[in-house]
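Asker: Before I ask anything, here is the structure I am working with.
Every number here is computed from the coordinates shown, using simple stated rules; none is lab data. Source: prediction; values computed, not measured. Here Cβ is always computed from backbone atoms with ideal geometry, including for glycine, and neighbour counts include all displayed protein chains.
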Amino acid sequence: MSEIAPHPVVDPLPAALRDALPATLVERLATFPATIRSLVENLSDEEALWRPSPQDWSVLEILRHLLDEEREDCRVRLEHVLRDPALSWPPIDPMGAAASRGYRERSLGAVLRDFELERESSIGWLRGVLDAAPATDWSRAFMHPKFGSIHAGDLLAAWAAHDLLHLRQIVKRLFGMLEARGEPFRVGYAGAW
């Protein structure tokens, strides 16, 4: 009978890095809009709306989602947990919002500008929270009915991770567009996605 190999142990972050993590995450959040802009600002309207299939989001729809999440999810929920973890979170419906709010109806440039302004506002608020440290208690937690205990620090980390998930989605969309529209040229030499 073979034994199951133990799960690899990951070294915990040294205390100095762990204490600096909120500031590091805020700086990552601050640089994200420039990263997105560099990828999408030269897309045509047609390219911004391109979908690999009807159920997939286009680059424009992904950016509209990021804008809504900035306004209604990440910052709002983190504020709630830091102020009073017992407060109920306002409901959100990301998939329903795509249809009900006409995600495909605005220009890419306008959505990008709105996202940048919202993120700038979020960063100003987050830097104020960091300036209040060590009074900021990143261990304050909201009891989520599905996910269980979610700490303020979890929300901050998830916010940065959410950016990265959608960055990956945008890059995949751009790759798919190049692959689909590159005829007669092929992208196989670059490697498999």
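Asker: How big is the chain along each principal axis, measuring the range of its Cα positions in Å and listing the largest first?
Answerer: Largest to smallest, the principal-axis extents are 58, 55, 31 Å.
Asker: Work out which helices of the chain, taken as complete DSSP H runs, extend at least 24 Å along their axis over the Cα atoms and score a mean Kyte-Doolittle of -1.0 or more, then list them.
Answerer: Membrane-span-like by this criterion, though nothing is claimed about a membrane: 15-40, 108-131, 152-181.
Asker: Run the dipole for the chain about the Cα centre, Lys and Arg Cβ at +1, Asp and Glu Cβ at -1, nothing else charged, and hand back the magnitude in debye, nearest 20.
Answerer: In total the dipole reaches around 160 debye.
Asker: Would you work out which of Ala158, Leu178, Phe142 lies farthest towards the positive end of the dipole of the range 129-193, given +1 charges on the beta-carbon of Lys and Arg and -1 on that of Asp and Glu, about the Cα centre?
Answerer: It is Leu178, whose Cα lies furthest towards the positive end.
Asker: I need the P(r) histogram for the range 13-111: all alpha carbon pairs, bin width 10 Å from 0 out to the longest distance, whole percents.
Answerer: Spelled out bin by bin, the range 13-111 gives 13, 35, 31, 17, 5 percent.
Asker: Using the count of nearby Cβ atoms within 10 Å as a rough guide to exposure, how do Ser53, Ser122 rank from fewest to most?
Answerer: Ser53, Ser122
Asker: Take His80, His144 and order them by how many other Cβ atoms sit within 10 Å, fewest up front.
Answerer: His144, His80
Asker: Also, quick follow-up: What list do you get for Leu43, Leu66 if you sort them by fewest beta carbons within 10 Å?
Answerer: Ranked by crowding around the Cβ, least crowded first: Leu43, Leu66.
Asker: A follow-up question, please. Output the Kirkwood hydrodynamic radius of the range 73-117, Cα pairs only, in Å rounded to one decimal.
Answerer: Value: 12.6 Å, from the Cα pair sum.
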